[in-house]
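Inspection log for the structure reproduced underneath, given as structure tokens.
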Amino acid sequence: MLSRRAVDEAIAALDHCTRDRAPNAFASVALPRQFDPRKLLETSMSNDVVASYERSDQGVALVGVGEAARVDLANGDLPTVARTRIQELLADVRVSGVTSLRPRVLGGFRFAPEQHPGEPWEQFSSGSLVLPKMLFVLDGENSGVVLAPGTALSEARPLIEEGLRSNSTDRRPSALFGELREIRSIDEAEWLRSVRTIAREIRAGEYEKAVLATSIQLEGTAELPIGATLAHLRADYPDCHIVSFQVDGSTIVCASPELLVKLEGRQLETAALAASQRRSLNEIEDAELGHELLTDPKSRGEHEVVVREIVERLDDLTLSLDVDPEPAVRRFRNIQHLLTKIVGAVPGEIDILDLVERLHPTPAVCGRPFDLARRVITEHETFDRGWYAGPIGWLDANGDGEFAVALRTALLRGTKAWLFAGNGIMGDSNPDAELEEVRLKLHPLAEALNGRARSERNPIPA
């Protein structure tokens, strides 16, 4: 526990910063290393959290509290439509001292921006980016808060005090906080029929790949705790992008294994993550499963479609592009995928929104060719994907940012949760195996919503 003096010193520093700033200026101040913004997600003040973005394996967390401004896109608008308004909001940003303490907007975009929202995505627009009143930042050894123009110290004080009350940075609930019942399940017969049809059309040469998704609905006896759900995802999937975004009482939560694109300076980073295999508690069997994934023609073909498409979309844009010559096996707690890293340099006029717009959707969540795959998705999926499989992340005044693909996703509203997952279907896909795989992908959110810590389940090391 920090001393009262340390808390008072942090508040005094912020008071000085806010008193001396210009009316339209941002203010930022470093906080003691013990401050962990993720704890704000689990307090009584968590209802004021509008968005969060975490990379626990990198020691990074962004927690936005309150809404200073929001940019909503109309149906059909692409991400770059938001650029002018974002530039206006961040026009007077000047960063001094700790560069991680800079203003950022957080948000995401629909998988299919031209479609009108259906259940349960009625509150979510084609795209939405929010400038938090208070952005709490953890970046390795650095912690602090950025206040948007017009935000008073009195609004930040209780949150800072709350975050400084405990030194723990690895808290997670360990007991069940409620069982859920499944009120809508996978239509297995329809899923199997769709996989057979898609695989047959691919074998006939109509297209290369299509991604088929499904959705289930769960209901609890009490309001679902978002902070506790995020804590379980953080504990079990520290190498995923743990994200939340709230709109009018509905919150999207995801533990995504897939980076869409990151831009820092002029350096671009993206990756192809496709093809899946289960994990095993037996180390020898687990290694064999990974080798099987790496050598399986169907898995390699599915993965190579994604690599080829990403490279083609970036080839005329980048100054240079470096692609891993062979995929690696990327292991997560309950599943493993093939991964190919792709890095490069881009011209100075290119920003993160350009890259998001160009890369989304990748064949990992849509298929190839894009237009035909979208038609297949429309024909076979009977629900609205909403923001599932869309880009979700953050950007700053320089046009840098990081967006994940919203996979392993749930939408929470009151006592209800809608869960989403999908598979890449190829010509040699086995319908029963694809059904088992999509069930596996629904597990992370179902387990987190049921409140089970990893120690209460069979632990499989990543």
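Just so it is clear, none of the values below were taken in a lab; they were calculated from the coordinates. Here the structure is a predicted model, which is why all the values come from computation and not from measurement. Using ideal geometry, Cβ is built from the backbone for each residue, glycine included, and neighbour counts are taken over all protein chains shown.
Looking at (i) -0.40, -0.79, -1.08, -1.17; (ii) -0.21, -0.52, -1.08, -1.21; (iii) -0.17, -0.45, -1.04, -1.22, which value of log10 I(q)/I(0) by the Debye sum over Cα atoms at q = 0.05, 0.08, 0.12, 0.13 Å⁻¹ comes from a calculation on the structure shown?
Answer label, from the structure shown: (iii).
At a 10 Å Cβ-Cβ cut-off, how would you order Phe420, Phe124, fewest neighbours first?
Fewest-to-most ranking of Phe420, Phe124: Phe124, Phe420.
Please work out whether segment 187-240 counts as rounded, prolate or oblate from its C-alpha gyration tensor, where a ≥ b ≥ c are the square roots of the eigenvalues and a/c under 1.5 means rounded, while otherwise a/b larger than b/c means prolate and anything else oblate?
In terms of gyration-tensor shape, oblate.
For the peptides 398-411, 344-357, what is the packing order when you average, over each peptide's residues, the other Cβ atoms within 10 Å and list the highest mean first?
398-411, 344-357
Using packing as a proxy for protection, rank 179-186, 276-283, 243-250 so that the peptide with the highest average count of other Cβ atoms within 10 Å comes first.
243-250, 276-283, 179-186
Quick one: 3J(HN,Hα) in Hz for segment 372-378, Karplus 6.51/-1.76/1.60 with θ = phi - 60°, rounded, Gly and Pro as x.
Result, rounded to whole Hz: 5, 5, 4, 4, 4, 4, 4.
Can you give me the relative contact order of segment 383-424 as a percent, contacts being Cα pairs under 8 Å and 6 or more apart?
Relative contact order for segment 383-424 comes out at 30 percent.
If you place +1 on the Cβ of every Lys and Arg, -1 on the Cβ of every Asp and Glu, and leave all else neutral, what size is the dipole of the chain about its Cα centre, to the nearest 20 Debye?
920 debye
Can you tell me the length gained on complete extension of the stretch Ala328 to Ile183, counting 0.36 nm per residue apart and subtracting the Cα distance?
Once the chain is fully extended between Ala328 and Ile183, it gains 48.4 nm.
Find how much the distance from Ala91 to Thr415 grows on full extension, using 0.36 nm per residue of separation minus their present alpha carbon separation; answer in nm with one decimal.
112.6 nm
Apply 1/(1 + (r/R0)^6) to the Cβ-Cβ distance of Leu317 and Arg5, taking R0 = 60 Å, and write down the FRET efficiency to the nearest 0.05.
0.70
Going 7 Å from the Cα of Arg193 toward and past its Cβ, which residues in segment 415-435 have a backbone nitrogen under 19 Å from where you end up?
Those under the cut-off are 430-435.
Per residue of segment 200-209, in order, report the coupling 6.51 cos²θ - 1.76 cosθ + 1.60 (Karplus, θ = phi - 60°) as ³J(HN,Hα) in whole Hz, putting x for Gly and Pro.
Those phi angles translate into 5, 5, 5, 4, 7, x, 6, 6, 8, 7 Hz.
When you count, for each residue, the other Cβ atoms within 10 Å and take the mean per peptide, how do 331-339, 432-440 rank with the highest first?
Top of the packing list down: 331-339, 432-440.
When the Cα atoms of segment 358-443 are enclosed in a convex hull and the volume is divided per residue, what value in Å³ results?
Given the Cα convex hull of segment 358-443, per-residue volume reads 130 Å³.
Would you kindly derive the ³J(HN,Hα) couplings of segment 332-343 from the backbone phi angles with the Karplus curve 6.51 cos²θ - 1.76 cosθ + 1.60 (θ = phi - 60°), listing them in order in whole Hz, with x for Gly and Pro?
10, 4, 10, 7, 9, 10, 8, 10, 10, 7, 9, 10
List every residue whose amide H lies under 5 Å from the amide H of Ser28, counting only residues 5 or more places away in sequence or on a different chain, with H placed 1.01 Å from N in the peptide plane.
HN-HN under 5 Å from Ser28: Leu147.
Answer rounded, prolate or oblate for segment 241-286, using the Cα gyration tensor with square roots of eigenvalues a ≥ b ≥ c: rounded when a/c is under 1.5, else prolate when a/b is larger than b/c, else oblate.
Since a/c reaches 1.5 but b/c is at least a/b, the shape of segment 241-286 is classed as oblate.
Say the dipole of segment 33-108 comes from +1 at the beta carbon of Lys and Arg and -1 at that of Asp and Glu; which of Gly66, Ser56, Thr80 then lies farthest toward its positive end?
Ser56
Extent of segment 309-419 along each principal axis, from alpha carbon coordinates, in Å, largest to smallest?
Principal extents (largest minus smallest coordinate, Cα): 47, 35, 33 Å.
For segment 184-293, what is the Kirkwood estimate of the hydrodynamic radius, computed as the reciprocal of the mean inverse distance between distinct Cα atoms, to one decimal in Å?
Kirkwood hydrodynamic radius for segment 184-293: 18.3 Å.
When a footprinting reagent is the concern and you count Cβ atoms within 10 Å, what order do Tyr237, Tyr207 take, fewest first?
Tyr207, Tyr237
Report the label-to-label distance for Phe370 and Glu285 in nanometres (one decimal), using points 7 Å from each Cα along the Cα→Cβ vector.
According to this spin-label approximation, the distance is 4.2 nm.
Whose amide H sits under 5 Å from the amide H of Thr409, counting only residues 5 or more places off or on another chain, with H placed in the peptide plane?
Sorted by chain and number, the residues that satisfy this are Phe420.
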